[in-house]
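Every number in this text was worked out from the coordinates using simple rules, so none of it is lab data. Nothing here was measured: the structure is a model prediction, and the numbers come from that model. Positions of Cβ are backbone-derived with ideal geometry, glycine not excepted, and every protein chain shown enters the neighbour counts.
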Amino acid sequence: MKRRSFLNLLLAAGLLSASANIYAAEHEVKMLNAGADGIMVFEPGYLKIAPGDTVNFVAVDAGHNAISEVTPDGSKWEVGFDGGKVKFEQEGINIYYCLPHKSMAMVGVIQVGNATNKDDAMKQADTIEAGFAMNQGRLKKYMAEVK
């Protein structure tokens, strides 16, 4: 009887794990020389996803990467010049940039679930935006979409 209970418990755990993966989605962010918001952009610039979702950064044009600047828990993530995927578990706002084009406001915002760190992210966005040589207002536009 104990063995059957143990096997049922294992089966239930497996089903729960599988169902969590079924609901996780994969989103795409393109790294571009030019897009709807001008030159040197991530598209979309603002993306809202659910915890557990993955974002695939696609290097459509050469010379772009993605590096986190603001995250809900202070952790760091990075995608190289060939693109790559990041799985987001922690709810909150992520602000990221392209290292070679940060001064040109090549930035993006990913909101994972609820905006738990919204106040802090808004303050940091103002500081980040002050360092842009061009495309002023791009980050503020993306942050205005955070709800």
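Note the angle between two axes, namely the Cα long axis of helix 118-130 and the longest principal axis of the Cα atoms of the chain, as a number of degrees from 0 to 90, rounded to the nearest 10. That works out to roughly 30 degrees. Report, for the chain, the % of DSSP beta bridges that are antiparallel, rounded to 5. In the chain, approximately 65 percent of DSSP beta bridges are antiparallel ones.
Residue-wise HN-Hα couplings along the range 43-59, as the Karplus relation 6.51 cos²θ - 1.76 cosθ + 1.60 with θ = phi - 60° gives them from phi, are 10, x, x, 10, 9, 10, 10, 9, x, x, 6, 10, 10, 9, 8, 9, 7 Hz; Gly and Pro carry x. Most tightly packed first, judged by the mean number of other beta-carbon atoms within 10 Å of their residues, the peptides 77-84, 64-71 read 64-71, 77-84. Computed over the range 61-147, relative contact order equals 26 percent, with contacts defined as Cα pairs under 8 Å that lie 6+ residues apart. Packing order of peptides 94-107, 49-62, highest average first: 94-107, 49-62 (average count of other Cβ atoms within 10 Å over each peptide's residues).
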